[in-house]
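Novice: Can you read through this structure? Questions will come right after.
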Amino acid sequence: MKRLQRLRYSKNLRDLTSEIDFTVGQLVQPLFVVEDLLRDEEIPGLGDVKRHSKDSLLKQISNDLESGIRQFILFQVPAKKLDSGFSHKYSSEVISQVKKEFGQAITLWIDTCLCSLTTHGHCCVLRDNGTQNLEASLKEITSLAKSYAEAGADGISPSDMNDGRVLKIREALDGAKNGSLEHIPIMSYSTKFSSHFYGPFRNAADSAPQFGDRSQYQIDVRNRSDGINSSIRCAQEGADLLMVKPGMTSIDLIKPIQEKTGLPVGAYQVSGEFAALTTLSEKGLLKFENALLETWHVFKRAGAQYIITYGARRAKSLGVNL
Ligand code: PBG
């Protein structure tokens, strides 16, 4: 009799027929650094992922390196909020110090957005009447991206969703003196939905919008075509890596985007998705690490090339290959 279960009988047989394989090299660990912070602060829902001072950030990276993590994405929270003319000083110091200490052992992606920098918490520069000023937003985003790259960032990750940002950033990087930033890749948050699953992150990054929401510039979850087209547009503008976000609620889009663009597509397991696991586990309703690994396997099955996850630093202990 045809038995589908025969190949599930032992672990060896399951391993033999496993269709996915991935390594810690495909996991990206998010990090938060907060100017003027005296000691680390917990972030509700995010387990051992903390808000760091510059010094403790360096220690954390060093520990993570020992766990085999090589990819990091950094979120920076400045002490002072502004509406435009953002300062590059603090972030340049942090980035150059991290790169000075760890060099090529790590790849440091910098989340590039305005929501942690602005008084109003929106990802763009606003006009007096509260509407998005696209031209001014692109200017600010581009100048931040260039300063991050000049400070030593290995890659730029624009998460702001301002139309045309990837093209402007690419032009700025390529236009730098002597082609010195031509090699810096752009990992675009290319399919980024307006989502309620960003809650824990917004506490950590102090970036919640002070009025309204982000539905005027992030994608409506009901719209598959907008989701796919936004990634296609980023590919056309020169993005090197694409992403769906929130990852778990967007896995249906990974393959179509990959097929249409030919580019690697990653998934961001966002803060609310991760916090759902930590919260269920705190209530004794699941085993955290097993559930986490299960979600990563599903991302890989869905075709994600890389995964941004707050749990990356646990990968080694979960048996993910280095
Ligand atoms: C900044 C940004 C956000 C996230 C990553 N970059 C929040 C937002 O768009 O409001 C969310 C990440 C997470 O929830 O883990 N724009």
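Just so you know, all these numbers are worked out from the coordinates, no wet-lab data involved. Just so it is clear, the model here is predicted, and its values are computed rather than measured. Cβ sites come from the backbone with ideal geometry, for glycine too, and all protein chains shown count toward neighbours.
Novice: Only Cα pairs under 8 Å and at least 6 apart count here; give the relative contact order of the chain as a rounded whole percent.
Specialist: The value is 20 percent.
Novice: Hey, another quick one. Rounded to the nearest 500, what is the chain's calculated 222 nm mean residue ellipticity when only DSSP H runs of at least 4 contribute -39500 (n - 2.57) each, over all residues?
Specialist: My calculation for the chain gives -11000 deg cm²/dmol from helical runs alone.
Novice: Which percent, nearest 5, of DSSP beta bridges in the stretch 1-129 are antiparallel?
Specialist: If we restrict to bridges inside the stretch 1-129, about 10 percent are antiparallel.
Novice: Which of rounded, prolate, oblate describes the stretch 173-253, given a ≥ b ≥ c as roots of the alpha-carbon gyration tensor eigenvalues and a/c under 1.5 marking rounded, otherwise prolate only if a/b is larger than b/c?
Specialist: Taking the square roots of the gyration eigenvalues as a ≥ b ≥ c, the stretch 173-253 is oblate.
Novice: Then there is this: Over the Cα atoms of the chain, what radius of gyration and what Dmax do you get, in Å?
Specialist: 19.6, 73
Novice: Next up: Taking only Cα atoms, what is the 0 to 90° angle, nearest 10, from helix 134-151's long axis to the longest principal axis of the chain?
Specialist: 70
Novice: Where does the longest stretch of the chain lie that holds no GluC sites (Glu not before Pro) found in a DSSP loop with 15 or fewer other Cβ atoms within 10 Å?
Specialist: Looking at the chain, 20-181 is the longest stretch - no exposed GluC sites (Glu not before Pro) with at most 15 other Cβ atoms within 10 Å.
Novice: Also, I was wondering about something else. Can you give me the angle between helix 224-237 and the longest principal axis of the chain, using Cα atoms only, in degrees from 0 to 90, rounded to the nearest 10?
Specialist: Relative to the chain, helix 224-237 is tipped by roughly 60 degrees.
Novice: OK, next. Do any of Lys59/Lys300; Lys146/Lys255; Lys89/Lys139; Lys89/Lys177; Lys50/Lys81; Lys80/Lys192 go past 25 Å between their Cα atoms, and which?
Specialist: Lys59/Lys300; Lys146/Lys255; Lys80/Lys192
Novice: Specify the longest stretch of the chain that does not include any exposed loop site, a site being one of the chymotrypsin sites (Phe, Trp or Tyr not before Pro) with a non-H, G, I, E, B DSSP assignment and at most 15 other Cβ atoms within 10 Å.
Specialist: 10-210
Novice: Identify the trypsin sites (Lys or Arg not before Pro) of the stretch 34-125 meeting these criteria: DSSP loop state and at most 11 other C-beta atoms within 10 Å of the C-beta.
Specialist: The qualifying sites are Arg39, Lys80.
Novice: Would you please give the residues with an amide H less than 5 Å from that of Gly247, counting only those at least 5 places away or on a separate chain, with H modeled from the backbone geometry?
Specialist: Tyr268, Gln269, Val270
Novice: In addition: Give a quick list of trypsin sites (Lys or Arg not before Pro) in the stretch 147-239 that DSSP marks as loop, anything other than H, G, I, E or B, with at most 16 other Cβ atoms within 10 Å.
Specialist: On the way: sites: Arg165, Lys168, Arg170, Lys177, Lys192, Arg202, Arg214, Arg222, Arg224, Arg233; in loops: Arg214, Arg222.
Qualifying residues, ordered by number: Arg222.
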